[in-house]
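Below is one structure; the comments refer to it alone.
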Amino acid sequence: MAKQQQIQLAKRPEGMPTDENFNFVETAIPSPEKGEVLLKTLYLSVDPYMRGRMTSAKSYIAPFQIDEAINGGVIAEVIESKSDSFKEGDVVIGHLGWQEYSVAADKDIRKVDPEAAPVSTHLGVLGMPGLTAYFGLLDIGQPKEGETVVVSGAAGAVGSVVGQIAKIKGCRVVGIAGSDEKVDYITNTLGFDEGINYKTSNVYKSLKEACPDGIDVYYENVGGEIGDAAISLLNKFARIPVCGAISSYNKKEQDLGPRVQTKLIKSSALMKGFVVADYADRYQEGAESLGKWLKEGQLTYEETIVEGFNRIPDAFLGLFEGKNLGKQIVKVADPDIAVLPHN
């Protein structure tokens with residue numbers, strides 16, 4: 001029986017995960033049954049939210065199980081089909097395991113068009129991160145022309161799209177990132193009005209200088225002291241979409257900081273947490289808008305792609321060190337049949 005590599009959660013991490021939390025195992029390549037397809041993994045997404053799933057704490061999504069495959073967004077090629085909906089060579093996206101081959105029911109995957117855009121974009125700007133940016137900013141942030149929008153994690157997969165959509169809506173955009181290279185990218189490539197390197201700047205002072213008229217929308221990806229600084233500069237009726245707090249994901253102790261209640265009351269601000277699945281019934285709307293802006297050249301994107309199945313844990317851990325520019329993706333294999341356009 002043919003074998004494949006799979007990555008399982010070996011044990012739950014305490015603090016920052018290490019290689020010891022991942023276990024490479026050899027398993028049999030499964031066979032599809034009626035209504036299923038056998039898929040070859042081409043590209044695999046690693047995302048910060050996966051850190052939360054490594055704990056046993058109750059959350060909006062079930063935790064990963066010990067000695068079972070970690071899973072997430074995957075672009076794959078159909079290499080054997082027992083479904084009327086898919087044929088060999090089709091390229092699909094689905095929520096699949098960290099393994100070289102998977103069997104999936106046809107209802108759990110959908111086709112992507114390799115001719116419309118590089119297929120990897122469906123893990124980034126046209127996928128979950130892009131949709132997170134779209135709904136969080138437009139539904140909760142509700143930016144208006146001339147307002148000031150501040151984005152933390154601005155050079156990441158979500159933040160980079162948030163800032164560009166805010167510019168499309170006529171806003172002044174300030175991004176916070178973790179290196180001079182990233183600040184240069186968001187200002188000179190993405191068109192942000194200003195960028196702040198939080199590792200070399202006093203964030204509160206720099207934000208106050210960059211936002212002389214205060215902050216109308218603060219899109220929160222990071223939390224911690226960066227969030228504290230932004231919340232101190234809110235305008236009346238400001239809005240704060242909260243989709244991430246990566247600064248605290250690996251803390252062993254309770255994350256503490258200034259209390260926000262008084263500041264929210266004084267500014268009459270709205271602060272709302274969300275996950276992209278809250279908008280599942282509107283995915284088509286978001287995907288169509290993002291695709292249109294990408295085609296028109298109003299959206300651009302960056303991908304950090306590492307190659308090799310054995311480098312998946314390294315790519316994941318690199319997220320918490322800020323090593324990625326834009327979306328972090330792992331290229332696992334080349335297709336057997338499909339011809340995919342390259343970036």
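The values are calculated or read from the model by the stated rules, or taken from the named source; none is laboratory data. This one's a predicted model, so the numbers in the text were calculated from it and none came from an experiment. Cβ atoms come from the backbone with ideal geometry, glycine included; neighbour counts cover every protein chain shown. Side chains included, ligands, DNA and RNA excluded: accessible areas come from the protein's heavy atoms. Shrake-Rupley method; radii C 1.70, N 1.55, O 1.52, S 1.80 Å.
Structure above, values below:
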quantity	calculated
Criterion violated by VAL125 - all others in (1) at pLDDT below 95; (2) buried (at least 24 other Cβ atoms within 10 Å of the Cβ) satisfied	(1)
Qualifying residues in region 135-151 (those that are in a helix (DSSP H, G or I) and either farther than 17 Å from ALA277 by Cα or touching a residue at least 60 places away in the same chain (Cβ under 8 Å) (or both)) - the one most open to solvent (accessible area, probe 1.4 Å)	ASP139
Tally of residues being part of a loop (DSSP other than H, G, I, E, B), farther than 20 Å from VAL91 by Cβ and not aliphatic (A, V, I, L, M) across region 24-61	10
Selection within region 116-138 - farther than 17 Å from ILE329 by Cα and touching a Pro at 6+ places or on another chain (Cβ under 8 Å)	GLY136, LEU137
Answer from TYR185, TYR198 - the residue that is closer than 19 Å to LYS323 by Cβ and open to solvent by 30 Å² or more (accessible area, probe 1.4 Å)	TYR198
Single match in ILE312, ILE305 (criterion: open to solvent by 60 Å² or more (accessible area, probe 1.4 Å), under 30 Å from ASN23 (Cα atoms) and not in a loop (DSSP other than H, G, I, E, B))	ILE305
Conditions (1) assigned to a helix (DSSP H, G or I); (2) of a type outside the set (A, V, I, L, M, F, W, C); (3) farther than 23 Å from PHE320 by Cα; number of the one not met by GLY170	(1)
